[in-house]
Each structure stands twice: as C-alpha cells, then as structure tokens.
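Reading through the structure tokens given below for one structure.
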C-alpha cells in the first residue's frame, strides 16, 4: 500500500510539473523564447514535441513566423513540420 501511495504522489507531482511548465511557456520574454526554441530544435525526445507545438500556437503570429525558420534544422522530423 505504501508503494501505491508513493506512485500516486509521484503522479500528482508529474501532473503539476507539466501544467506549470506549459503555463510558463505562455509567459516567456523574447530572449527566453529564443532559448526555448534552440532547446526544442536540438532535442531528441519525441515526448516533448507536444510542448513545442503548444509553445508555437500561443505565440503572436509575427513571433511564430520568426521562430519557424529555427525549426528547419530540428533533429526531430515532427518539429521540422513547424517550419512549413
């Protein structure tokens, strides 16, 4: 039973971490946005692709267009689609 409680607590923490991360994505300065786009374009973890898409969708159109070119050389094929 203790193991079950530990797993439930870990799940709650993971859910909180993901929601906090996604909320943080929507409040980034342009400098931090550049850093995040560089991170997304270099990453090799497919599980984070959804966060990259969520980040791009929340940007103003002019800023999203500026970042699109950075995704042309992304390591993950799914992220290269953001440059299309």
Separation of alpha-carbon centers, the stretch 36-84 and the stretch 8-26, rounded to whole Å: 21 Å
Could you tell me the extents of the chain's C-alpha atoms along the three principal axes, largest first, rounded to whole Å? 51, 26, 17
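Readers should treat all values here as calculations from the given coordinates under stated rules, not as data from a laboratory. Not measured: the values here are computed from a predicted model.
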